[in-house]
Amino acid sequence: MFPVSGRSLILSFAILLGLFSCKPNTQPDPVLKGLEERPFTIVNQGFSLDTPDAEETYRILSTIDNQKVIDTIYYELVNRLLDDGDYDLALEHLRKFASSIKPGNYKSSAWYHLEAGESYFYKTVYDSASTELLAAVEDYKKIRDSVGLAATYKVIGSMYAYKGDYAKSAEFRYLALHIYEKIADSLKLNEVKMGLGDNYLEQNDYPKAISLFSSALEYFENKKDSTNLSAAHTSLAAVYQHSNDVPNALEHAKRAVEIQRELNDEFGLPSALNSLAITYMRNKEFNLAYPLLQETYYYIEETNDLRQLPSILHNIGICQMEIGRIDSAEMTLKKAVEIANSSGQRYGLLSTYKTLYGIAERKKDYAAALAYLSNYTSLNDSMYSHEKSQIINELNVRYESELKESKIKELGQLKEIESSRKNWLIFAIVLLFMIAAMLLFFTVSRHRKNRQLLKAENQIQEQELNSMKRELEINRIRLQDFTQNLISKSALIEDLEARLRAGASLPSDEQFHSYVEEFSKMKFMTETDWNQFRLYFDSVYPGMIARVTKSFNQITSAELRLFLLIKLAIGNKEVSTMLAISPDSVKKTRYRLKKKLNLSEEASLDDFVLSFH
């Protein structure tokens, strides 16, 4: 990094040879005509420049016809200024750069708005920051630059976090998170997770914050990204500090300091040291916190980074106050006020005024206490109106008057406050009772309705079950009747045939044989009988015929009929009669069926069929 002196910043640029026409290194490129003028010096196709004067820098760069060269110079210039914390000078250069952007050049316009927004953000000028960053969002959307859009969302999320609007902050950080997930940028993804962890920390959702910080820490540890790893340890220490888990806070804070010392990072070490000091302060170990804060103060002065100085001085003042050095604490805190006022860091200033107010009260310096309270109140408002100034003046008069009032009036005020609290408490109790009564009423009513509904459903189910039982019994009777009729019919025909063969007188032998043949046809189940039989059987044993044929696909029609008749417990004699086959044929069919059912010789065919479902 180049040394900083006053508002002078020396910035070196090495412009790539491909951006210019090829020329010998000893001569400047014609496109750079004018850069030989001070404060620029040509150095082998590149140049260095002194940049305290944005107007002069713009005048010289405007002599270059190549817009890409101008963009590159401003990109490097502004980024270096932002890294060095010179936001005012960065904004001056950005305003000049904006005047060089041609209409329709959304890429340069988006970059300008993003960098200007960041600069205003670091200066805590949030309205201007918001305007610039939202303009950057629109430009990046026009050129469909996901990376730039995600970076802008990330900054907007941080801005809303500093403003205390954590819902909005999370909204934009999640937008950035989705883009980084889509483009698989794991580094940025985990950096955004760290930001979201801060959101949840501020909402006191410690488990969620710990989950996000721990996930990021694991990633940075695997990637050996020491800088972000230290930040993750610092964030975890902050969560455990808030949840009063001092051992875990101490472990992570010490690890963050250890990593920063290994990196020898003068810019990152102050945050880690401050985190460790705060942990000791949470544990009332101010004697351990104090030297860490003094070391932090040293590094801040060395790096000339004053952004953290007010909060560090504030913590030093608290330590001095707690170890009994009240006068030193007051001086330190007043120094913090002076620096915070010069840098515009309102949050740190508010905390310091509040602590100074406590010290003044402790010293019974009520005039100073009122002054600090007035400063705190004024600063806490974003507007400094005449009306608010009047309120502060009236507060001062009232304060001086109230010092002379008796203790009885103070007690009366306390009683009035207590009475008001009691009234509010009674109102709250009555309201809660009414709500509880309503909830109980609705719960009982719903329970009663549910019981009635359940009873009705049970009755319907019982009726349906009884109906199904009755229908099944009717079908069973029909099947038995049908089967018995078939048996009776076959027996009757068989008897008539026997009598006929025994000697009935017929006109001729031919007519005799015709009658015998007709009777023989009538003895067994016809196709119509069989179809009717199947319908009855299916109504009593739903799906059984399909299961038999599926399980034993080699079974024949005759064997299937025998299977079904056995299922109805019909004996071999009746089967012989119904199927119009001899008892020997029945035995043979049973034997074939037994083999197709894969039964052993010892196994009972009847038992298997009767138990089949």
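Looking at the stretch 583-613, which of its residues are part of a helix (DSSP H, G or I), open to solvent by less than 100 Å² (accessible area, probe 1.4 Å), farther than 26 Å from residue 540 by Cα and hydroxyl-bearing (Ser, Thr, Tyr)?
The one that is part of a helix (DSSP H, G or I), open to solvent by less than 100 Å² (accessible area, probe 1.4 Å), farther than 26 Å from residue 540 by Cα and hydroxyl-bearing (Ser, Thr, Tyr): 585.
Check 324, 317 and return the single one that is open to solvent by less than 60 Å² (accessible area, probe 1.4 Å), under 25 Å from residue 294 (Cβ atoms), at pLDDT 85 or above and not in a helix (DSSP H, G or I).
The unique qualifying residue is 324.
A quick yes/no check of all residues on (1) touching a Pro at 6+ places or on another chain (Cβ under 9 Å); (2) modelled with pLDDT of 55 or more; (3) open to solvent by 20 Å² or more (accessible area, probe 1.4 Å):
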| position | (1), (2), (3) |
| --- | --- |
| 1 | no, no, yes |
| 16 | no, no, yes |
| 25 | no, no, yes |
| 51 | yes, yes, no |
| 83 | no, yes, yes |
| 99 | no, yes, yes |
| 102 | no, yes, yes |
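When you scan the stretch 152-166, do you find a residue that is under 23 Å from residue 72 (Cα atoms) and open to solvent by less than 40 Å² (accessible area, probe 1.4 Å), even just one?
The answer is yes, given that some residue of the stretch 152-166 is under 23 Å from residue 72 (Cα atoms) and open to solvent by less than 40 Å² (accessible area, probe 1.4 Å).
Considering only residues that are surrounded by fewer than 19 Cβ atoms within 10 Å (Cβ to Cβ) and within 19 Å of residue 68 (Cα to Cα), which ones fall in the stretch 85-97?
Once the filter is applied, which keeps residues that are surrounded by fewer than 19 Cβ atoms within 10 Å (Cβ to Cβ) and within 19 Å of residue 68 (Cα to Cα), the stretch 85-97 yields 95, 96.
One residue is enough: does the stretch 173-181 have a residue meeting the conditions farther than 14 Å from residue 154 by Cβ, at pLDDT 90 or above and in a helix (DSSP H, G or I)?
No, that holds for no residue.
Kindly indicate whether any position in the stretch 110-121 is in contact (Cβ under 8 Å) with a residue 40 or more places away in the chain, within 29 Å of residue 379 (Cβ to Cβ) and open to solvent by 10 Å² or more (accessible area, probe 1.4 Å).
Checked against the condition, which is being in contact (Cβ under 8 Å) with a residue 40 or more places away in the chain, within 29 Å of residue 379 (Cβ to Cβ) and open to solvent by 10 Å² or more (accessible area, probe 1.4 Å), the stretch 110-121 yields at least one hit.
Taking interchain pairs and intrachain pairs at least six residues apart, which have beta carbon atoms under 6 angstrom, with the first residue in the stretch 588-608 and over 15 Å from residue 552 (Cβ atoms) and the second open to solvent by 60 Å² or more (accessible area, probe 1.4 Å) and not hydroxyl-bearing (Ser, Thr, Tyr)?
Matching pairs, first to second residue: none at all.
Scan the stretch 441-463 and give yes if some residue there is closer than 30 Å to residue 537 by Cβ, among the hydrophobic types (A, V, I, L, M, F, W, C) and either in a helix (DSSP H, G or I) or modelled with pLDDT of 80 or more (or both), otherwise no.
Scanning the stretch 441-463 turns up at least one residue that is closer than 30 Å to residue 537 by Cβ, among the hydrophobic types (A, V, I, L, M, F, W, C) and either in a helix (DSSP H, G or I) or modelled with pLDDT of 80 or more (or both).
Quick one: which of 190, 204, 222 is at pLDDT 90 or above, out of contact with any Pro (no Cβ under 9 Å at 6 or more places or on another chain) and surrounded by fewer than 20 Cβ atoms within 10 Å (Cβ to Cβ)?
Among 190, 204, 222, only 222 is at pLDDT 90 or above, out of contact with any Pro (no Cβ under 9 Å at 6 or more places or on another chain) and surrounded by fewer than 20 Cβ atoms within 10 Å (Cβ to Cβ).
Test residue 348 against the criterion of being touching a Pro at 6+ places or on another chain (Cβ under 6 Å), modelled with pLDDT under 70 and open to solvent by less than 50 Å² (accessible area, probe 1.4 Å), and give yes or no.
yes
For the stretch 122-134, what are the residues that are open to solvent by 30 Å² or more (accessible area, probe 1.4 Å), over 26 Å from the mean Cα position of the chain (by Cα) and of a type outside the set (Asp, Glu)?
122, 123, 124, 125, 126, 128, 131, listed by residue number.
Residues are listed down the side, and each one gets a yes or a no for (1) at pLDDT 75 or above; (2) over 42 Å from the mean Cα position of the chain (by Cα); (3) farther than 30 Å from residue 570 by Cα:
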position: 416; (1), (2), (3): yes, yes, yes
position: 432; (1), (2), (3): yes, no, yes
position: 439; (1), (2), (3): yes, no, yes
position: 480; (1), (2), (3): no, yes, no
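Across the stretch 526-582, which residue is nearest to residue 610 (Cα to Cα) among those that are open to solvent by 70 Å² or more (accessible area, probe 1.4 Å), modelled with pLDDT of 85 or more and not in a helix (DSSP H, G or I)?
542
For the stretch 257-292, what are the residues that are open to solvent by 10 Å² or more (accessible area, probe 1.4 Å), of a type in the set (A, V, I, L, M) and farther than 19 Å from residue 309 by Cα?
Within the stretch 257-292, 263, 288 qualify.
Do the conditions hold for residue 204, that is, is it in contact with a helix residue (DSSP H, G or I) (Cβ under 8 Å, 6 or more places away or on another chain) and at positive phi?
Yes; evaluated as a whole, the condition is true for this residue.
Would it be correct to say that residue 211 is open to solvent by 60 Å² or more (accessible area, probe 1.4 Å), of a type in the set (Gly, Ala, Ser) and either at pLDDT 95 or above or assigned to a helix (DSSP H, G or I) (or both)?
yes
The values are calculated or read from the model by the stated rules, or taken from the named source; none is laboratory data. No experiment lies behind these values; they were computed from the predicted model shown. Backbone-built Cβ (ideal geometry, glycine too); neighbour counts: all protein chains shown. Surface accessibility is based on the protein's heavy atoms, side chains included, excluding ligands, DNA and RNA. Shrake-Rupley method; radii C 1.70, N 1.55, O 1.52, S 1.80 Å.
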